[in-house]
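Remarks on the structure that follows.
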Amino acid sequence: MDWGLKNRISQIIKPHNNRALMLAVDHGYFLGPTEKLENPKKVIAPLLKYCDSLMVTRGVQRTCVPATTDTPMVLRVSGGSSIIGEDLSQEEITVSIQDAIRLNASALAMSIFVGSKYEHQTIVNLGKLVSKAEKYGIPVLAVTAVGKELGKDSRYLSLACRIAAEQGAHIVKTYYCENFEKVVQSCPVPIIVAGGKKIPERDALQLTYNSIKSGAVGVDMGRNIWQSEHPIAMIKAVRSIVHGNANVDQAYNLYKKIVNEDPKKKNKSNKPQNKPNQNKSNKPQNKPNQTKK
Ligand code: R5P
């Protein structure tokens with residue numbers, strides 16, 4: 001493996017412990033201004049120092065990430081469909097290798113849609129991207145997409161991950177499932193696990209822990225961090241598992257401790273609360289969920 005390729009991979013998967021914490025903020029490429037990521041600049045700024053790398057589109061990287069950062073960028077280079085369009089799997093490569101180099105990408109990320117209408121197109125795109133990126137020593141992270149019509153069990157995910165690796169992906173991002181060890185064992189390159197939809201914080205920490213115990217090098221987590229009420233506490237707790245070998249209880253206790261120390265929360269609890277008998281007019285108030293029909 002060429003020095004540049006090795007060096008870039010080691011920016012993403014830390015060589016001292018073979019672990020990775022990637023923060024995913026690329027969702028807008030097909031979801032638009034998704035909940036709690038409406039203003040990417042505000043979301044990214046306080047979290048950037050706690051992740052090993054940021055998964056991002058070129059538009060958000062240029063407009064919302066300070067060029068002075070030393071956090072490596074994993075640049076999403078596929079797209080072409082939207083959540084309201086006909087078929088999410090109809091993706092092409094949308095960023096040239098020259099632009100990726102200008103953006104100093106540490107890796108390129110794209111999705112493959114195994115089992116979908118456009119699987120051929122996306123798998124061929126992956127092979128071509130690997131060939132181009134390797135010329136410049138840039139690794140490729142293949143995302144195995146899942147959708148309503150695609151499976152999410154170890155049989156399907158093993159198939160999708162293995163196909164990605166066979167096409168030359170240097171890292172594969174996939175979803176956690178039962179018997180995840182099988183997925184890891186049959187994939188010859190490192191696997192990183194996506195967080196998925198927002199779930200309770202403890203469950204997301206459990207997912208992180210289980211993924212690593214099953215052999216993943218780490219997580220590429222988005223919604224379960226920035227859709228949390230306490231994104232900094234959450235990323236620190238996830239980090240304690242990925243890099244601190246914390247178990248789920250330890251990580252969740254850390255999360256709660258940081259939340260309780262949060263001055264904003266203290267201010268809130270110090271504010272006088274409106275009590276029902278403080279209603280001077282004594283008129284019954286309409287609550288938001290009591291809309292008249
Ligand atoms: C999804 O389109 C992106 O590839 C995300 O980077 C990926 O799903 C990880 O984000 P989350 O943890 O929110 O699932």
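The values are calculated or read from the model by the stated rules, or taken from the named source; none is laboratory data. Computed from a predicted structure; not experimentally measured. A quick note on method: Cβ atoms are made from the backbone with ideal geometry, for glycine too, and the neighbour counts reach across all protein chains shown.
Key figures
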| item | result |
| --- | --- |
| Members of the stretch 139-153 that are modelled with pLDDT of 95 or more and farther than 17 Å from VAL219 by Cβ | PRO139, VAL140 |
| Which numbered condition ARG223 fails, given (1) on the phi > 0 side of the Ramachandran plot; (2) near the ligand (Cβ under 9 Å from one of its atoms); (3) not hydrophobic (A, V, I, L, M, F, W, C) | (1) |
| Residue count for the stretch 177-213, restricted to those that are touching a residue at least 40 places away in the same chain (Cβ under 8 Å) and either part of a loop (DSSP other than H, G, I, E, B) or within 20 Å of GLU134 (Cβ to Cβ) (or both) | 3 |
| Tally of residues being free of Cβ contacts under 8 Å to residues at least 60 places away in the same chain and part of a helix (DSSP H, G or I) across the stretch 124-143 | 11 |
| Residues (within 16 Å of the ligand (Cβ to nearest atom), assigned to a loop (DSSP other than H, G, I, E, B) and in contact (Cβ under 8 Å) with a residue 60 or more places away in the chain) located in the stretch 13-33 | VAL25, ASP26, HIS27 |
| Every residue from the stretch 101-123 that is of a type in the set (A, V, I, L, M) and in a helix (DSSP H, G or I) | ILE101, ILE123 |
| Condition check for GLN98: of a type outside the set (Gly, Ala, Ser), crowded, with 17+ Cβ neighbours inside 10 Å and not in a loop (DSSP other than H, G, I, E, B) | no |
| Pair list, Cβ < 7 Å and 6+ apart or interchain, from the stretch 38-50 residues that are closer than 15 Å to ARG223 by Cα to residues that are part of a loop (DSSP other than H, G, I, E, B) and among the aliphatic types (A, V, I, L, M) | PRO40/VAL25; VAL43/VAL25; VAL43/LEU37; ILE44/VAL25; ILE44/VAL65 |
| The one condition in (1) in a helix (DSSP H, G or I); (2) in contact with a strand residue (DSSP E or B) (Cβ under 8 Å, 6 or more places away or on another chain); (3) of a type outside the set (Asp, Glu); (4) crowded, with 19+ Cβ neighbours inside 10 Å that VAL60 fails to fulfil | (2) |
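Residue-by-condition table, conditions (1) small (Gly, Ala, Ser); (2) buried (at least 21 other Cβ atoms within 10 Å of the Cβ); (3) in contact with a helix residue (DSSP H, G or I) (Cβ under 7 Å, 6 or more places away or on another chain); (4) under 16 Å from SER154 (Cα atoms):
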position: VAL183; (1), (2), (3), (4): no, yes, yes, yes
position: PRO188; (1), (2), (3), (4): no, no, yes, yes
position: ALA194; (1), (2), (3), (4): yes, yes, no, yes
position: GLN206; (1), (2), (3), (4): no, no, yes, no
position: VAL219; (1), (2), (3), (4): no, yes, yes, no
position: SER240; (1), (2), (3), (4): yes, no, yes, no
position: ASN253; (1), (2), (3), (4): no, no, no, no
